[in-house]
1. Provide Arg7, Arg25 in ascending order of the number of other Cβ atoms located within 10 Å of each residue's Cβ, fewest first.
2. Gain in length, Ser87 to His31, computed as 0.36 nm per residue apart minus the alpha-carbon separation, to one decimal in nm?
3. Report ³J(HN,Hα) in whole Hz for each residue of the range 81-91, in order, from the Karplus equation J = 6.51 cos²θ - 1.76 cosθ + 1.60 where θ = phi - 60°; Gly and Pro get x.
4. Would you order Phe64, Phe75, Phe17, Phe9 from fewest to most other beta-carbon atoms within 10 Å of each residue's own beta-carbon?
Amino acid sequence: MRLIDIRSFPRLTLKEFFGGDIPTRYAILSHRWGQPQDEIMFHEMLHGHDMHSREKRWQKIQDFCKHARDDGFEFAWVDTCCINKESSSELTEALNSMFQW
């Protein structure tokens, strides 16, 4: 499972966790889908991003991560950012696991 590391906000990076290493607390963004070009995707998060961009789609992620950090979370999860949808096996596993998350 990948989570967005928000401890060094506004710098955001993805961190991968396995099995029992998954944090017990993380914020989850549940939002209404826009057009694909309006969402931040996994490949854009791979190397981290400085959230100073004023683009609306980055602003949504920035606002969520700031709010989560202010509420005491260290990690966050957003499906478009944390799931590599180019990998059919990863996408299938993520969809099957969402109930547990």
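Only the coordinates and a few stated rules stand behind these numbers; no lab work does. Since the structure is predicted, the reported quantities are computational estimates derived from the model, not experimental observations. Don't worry about glycine lacking a Cβ; one is built from the backbone with ideal geometry, like all the others, and counts go over all protein chains shown.
1. Values: Arg7 12, Arg25 8.
By the 10 Å Cβ count, ascending, the order reads Arg25, Arg7.
2. Values: separation 56, 0.36 × 56 = 20.16 nm, distance 2.27 nm.
Contour length minus Cα-Cα distance gives 17.9 nm.
3. Going residue by residue, I get 8, 9, 10, 7, 6, 7, 9, 4, 5, 5, 5 Hz, with x marking Gly and Pro.
4. Details: Phe64 19, Phe75 22, Phe17 13, Phe9 16.
Placing the least packed residue first, the sequence is Phe17, Phe9, Phe64, Phe75.
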